[in-house]
Amino acid sequence: MSGRYHDPLDEAFGNEPNPPAPAREPAYLSALNKEQREAVEATEGAVLVLAGAGTGKTRVLTTRLAHILATRRAWPGHILAVTFTNKAAREMKERIGALIGGVVEGMQWLGTFHSIGARMLRRHAELAGLKSNFTILDADDQLRLMKQLVEAENIDEKRWPARTLAAMIDGWKNRGQRPEDVPEGDAHGYAFGKGRKLYADYQGRLKALNAADFGDLLLDTLSILRGHPDILADYRDRFRYILVDEYQDTNVVQYLWLKLLAGSGGNVCVVGDDDQSIYGWRGAEIENILRFERDFPGAKVIRLERNYRSTPAILGAASGLIAANKGRLGKTLWTEGEHGEKIKVQGVWDAEEEARHVAGDAEALHREGHLFAQMAILVRASFQMREFEDRFIALGLPYRVIGGPRFYERAEIRDAMAYLRLVAQGDDDLAFERIVNKPKRGIGDASVQSLHRFARARQVPLLAAAREIVETDELPPKAKKALSELAMNFARWSGTAQHLPHTELAEMILDESGYTDMLKADKSADAPGRLDNLKELVRSMEQFESLAAFLEHVSLVMEIEQNETGDRLNLMTLHAAKGLEFDTVFLPGWEEGLFPSQRTMDENGLAGLEEERRLAYVGLTRAKQRIFVSFAANRRVHGSWQSALPSRFVSELPEAHVETTVDEGFYGGNAGFRDNMSGFASTYESPGWKRAQANKERGRARPPLIEAQAFTVQTSDPQATHYAKGERVFHQKFGYGRIKAVEGNKLTVDFDKAGEKKVIDQFVARA
Ligand code: ATP
Ligand code: MG
């Protein structure tokens, strides 16, 4: 080992060139079990640690790194260590410091694939036609660039959305394919074979702009390593040790890149769990972990079987569930200690009640002394977060969203809000700018600039200026026509807003503006999720009396700052929860169609279902002490209630580890629904369902809460109502109350608990 590099460990170890070997074995080694220790001490050659959740794979990796440093096998700069998130990289660095004492500096090659790729690419940027200060484009910039290229090719973007192209290029990059490698057939997937040319054009534009996208960070470095044996040799020499966490989720380009760097005789240690492979939809190849032994002949394979994270109840439930998957290697897992709390499975009426339950349970635990930060809500789809966020805000319960924006900060929600704001307030120029060409309607930057000048000269808001400018010849014909249509639409929507319920108005705007169609035409992986978010937005508006009240609510919500620190309840998707652990885990929305996701099953059949099940396994195995699973009897889907069936995953949890409660409101006093459910019960004899039935039969008192008709949206004459002054009614949000006044379809109700409120008749039922 040469001393070319400054090594801060020298300081940590008293700066002696060859410190005497420690007399006693270091504490970090004695903190491991036999197999873990073997994996840590087998520093030379290839090692695969293939083991279930919570068995200490990440701990092994961290300790191995510390061990390599402490035994002076390599300098910090000689180790390549890959984690799945930047946060995990930071934590690993801290842990290593704690294990061997002192701060570890100089671990330049510890990070995610992307961050390491970026560092490498900057060092050799000129070989990829870039300068070392190149910009890394985010998804938005990337899309904007592609749109320009699509336009330049005269391709109809309505038919061939740029997003589709972006998704395809991303896929090619994940598979390690440059434009010249894209197979003919694949290239035909976009605009009659223009895919490959556009991919090449796009790469050309990126270089011209001195920019790289995320895919390039690895693909470009891979090409450099392949094309320059001297550089490759240099890196192989540098990286004496390579370590990779979450190996089951690497994609092809990451795999090729690693294999090249490791060479055949490299000291590579990868850890992973085939049961936790959940990124197939983003190009991850579970095969990578399965063929490790072939790629590195003589590799040592170590299996860890003791789980240190979870109680036997949790482990039993998770193992029982994942056993239903066919394509798996299979492994033994055990844990010590008391059986622990059973998984609490709860049936609730709807998502709002689900959020009330979760918040209630979280607060109860908090009162008993549990930290919010040790609790997490893991959702399958991001739209599910809205209901929880609104509830937490109402209660003042501190929370944070991990790995993504909060609901109202999402791009599609902001777009929709911009339309609504502009209808309510015609002089909202920021809103206007946001949506003037979204969806694309041929109003380019130059036209927008002309409009700005025009508005400034007349001192009027942009929307008003739009109405005037279309009477002049200041704009090219296409932009003029589009702007004129947009202005007319807004005039019409504002008029309609006076008498149409605001939820219907929102749907109308989203449809008529072309926004919904834009997302429907979009073939990228996240487009369906965006559509769901919009539906959820419309649904969230129902609780408000008017558009103005809703807009007010959102602006208040947005004002509450996203604070990352402190004792906060964690809210995230299941995908973002990989590798993490919490005392308490809430798993809401376990309903067929939502989880497992119907879309995934439709697109990928059995393989899709198995990936969903692995996701459920990941969710369950995040918990150390307790799990709350819930399913709602009703989900609101696009303005109408749909009865939902409990997820098959509920019934796959072994009975011995589960305790099922069906909430009083589960049937909502809806006789029709109860009949539906009993009809369904005869065809759906799952243990989970039977447990629910048994509880029901045990005679739990269920006062009828809500009449059935409260849940059918009435489309009758909005002005007429069949309610009269003095009647007792029930409202989903405000509870029971008596009608004080009736005006059209608006009722003034004196609610027993919530006080006097104006509500629309379709949201109440006779009590
Ligand atoms: P996942 O598959 O979820 O990524 P993992 O296999 O990486 O899990 P770790 O996160 O490394 O597991 O470990 C799970 C928990 O068990 C951690 O809290 C860790 O500190 C603890 N743990 C691991 N090994 C031991 C051990 N030998 N003694 C005590 N605790 C341990
Ligand atoms: Mg881990």
Worksheet entry | Packing-based ranking, highest mean first, of 221-231, 206-216 given that Cβ atoms within 10 Å are counted | 206-216, 221-231
Worksheet item: What is the Cα centroid distance between region 582-654 and region 119-134, reported in whole angstrom?
Response: 44 Å
Worksheet item: In nm, what is the difference between 0.36 nm times the number of residues separating residue 90 and residue 511 and their Cα-Cα distance?
Response: 147.1 nm
Discussion item. Take the residue pairs 131/259; 57/300; 87/520; 57/87; 326/578; 331/624 and return only those whose Cα atoms are more than 25 Å apart.
Written reply: 131/259; 87/520
Worksheet item: Given only helices, namely DSSP H runs of n ≥ 4 each adding -39500 (n - 2.57), what is the per-residue ellipticity at 222 nm of the chain, to the nearest 500 deg cm²/dmol?
Response: -13500 deg cm²/dmol
Item to complete: Using every pair of alpha-carbon atoms in region 262-328, split the distances into 10 Å bins beginning at 0 and state the percent of pairs per bin, rounded to integers.
Response: 15, 40, 34, 11, 1
Worksheet item: Could you state the number of Å between the C-alpha centres of region 35-109 and region 277-325?
Response: 19 Å
Practice prompt. Work out the length of the dipole vector of region 408-554 about its Cα centre, built from +1 on the beta-carbon of each Lys and Arg and -1 on the beta-carbon of each Asp and Glu, and round it to the nearest 20 debye.
Written response: 480 debye
Worksheet entry | Diffusion coefficient, µm² s⁻¹, Stokes-Einstein with Kirkwood Rh over alpha-carbon pairs of region 129-198 at 4 °C and 1.567 mPa s | 101 µm²/s
Worksheet item: Based on the Kirkwood radius over alpha-carbon pairs, what value in µm²/s does the Stokes-Einstein equation return for the translational diffusion coefficient of region 178-220 at 10 °C and 1.306 mPa s?
Response: 145 µm²/s
Worksheet item: Using alpha carbons only, how many degrees (0 to 90, rounded to 10) separate the axis of helix 411-424 from the longest principal axis of the chain?
Response: 20 degrees
Worksheet, complete the sentence: residue 727 neighbourhood, Cβ < 12 Å, K/R = +1, D/E = -1, net charge +3
Worksheet entry | Intensity falloff of the chain expressed as log10 I(q)/I(0), Debye formula with alpha-carbon point scatterers, at q = 0.06 Å⁻¹ | -0.45
Worksheet, complete the sentence: Under the rule rounded for a/c under 1.5, else prolate if a/b exceeds b/c, else oblate, using alpha carbon gyration tensor axes a ≥ b ≥ c, region 54-140 is classed as prolate
Worksheet item: How much of the calculated P(r) for region 480-633 lies past 29 Å, in percent of all Cα pairs?
Response: 39 percent
Worksheet entry | Size of region 408-554 as Cα extents on the principal axes (Å, biggest first) | 43, 35, 23
Worksheet, complete the sentence: Charge dipole of region 137-250 built from unit charges on the beta carbon (Lys, Arg +1; Asp, Glu -1), centred at mean Cα; most positive-end Cα among 190, 221, 239 is 190
Discussion item. Can you give me the long-range amide H partners of residue 379? Hydrogens built in the peptide plane at 1.01 Å from N, cutoff under 5 Å, separation of 5 or more residues or another chain.
Written reply: 572, 573, 574
Response to the item:
Charge dipole of the chain built from unit charges on the beta carbon (Lys, Arg +1; Asp, Glu -1), centred at mean Cα; most positive-end Cα among 656, 211, 66 is 66
Worksheet, complete the sentence: For region 486-545, the charge dipole (Cβ of Lys, Arg +1; Cβ of Asp, Glu -1; about the Cα centre) points to a positive end, and the Cα of 515, 534, 544 closest to that extreme belongs to 515
Worksheet, complete the sentence: Taking a ≥ b ≥ c as the square roots of the eigenvalues of the Cα gyration tensor, with a/c under 1.5 meaning rounded and otherwise prolate when a/b exceeds b/c and oblate if not, region 277-428 is oblate
Worksheet, complete the sentence: For region 408-554, dividing by residue count, accessible area per residue (probe 1.4 Å) in Å² works out to 45 Å²
Worksheet item: Check residue 399: other-chain or 5+ apart residues with amide H under 5 Å from its amide H, H built from backbone geometry?
Response: 569
Worksheet item: In the chain, what percent of the accessible surface is made up of carbon and sulfur (1.4 Å probe, ligands and nucleic acids excluded)?
Response: 50 percent
Worksheet item: Which lysines have a Cα less than 30 Å from the Cα of residue 758, not counting those fewer than 8 places away in the same chain?
Response: 535, 725, 733, 740, 746
Item to complete: Return the whole-Å distance between the Cα centroid of region 470-542 and the Cα centroid of region 392-413.
Response: 24 Å
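The values are calculated or read from the model by the stated rules, or taken from the named source; none is laboratory data. All of these numbers come straight from a predicted model, not from anything done at the bench. So basically every Cβ, Gly included, is an ideal-geometry build from the backbone, and we count neighbours across all protein chains shown. Each accessible area value is taken on the protein alone, full model and side chains, heavy atoms only, with ligands, DNA and RNA left out. Shrake-Rupley method; radii C 1.70, N 1.55, O 1.52, S 1.80 Å.
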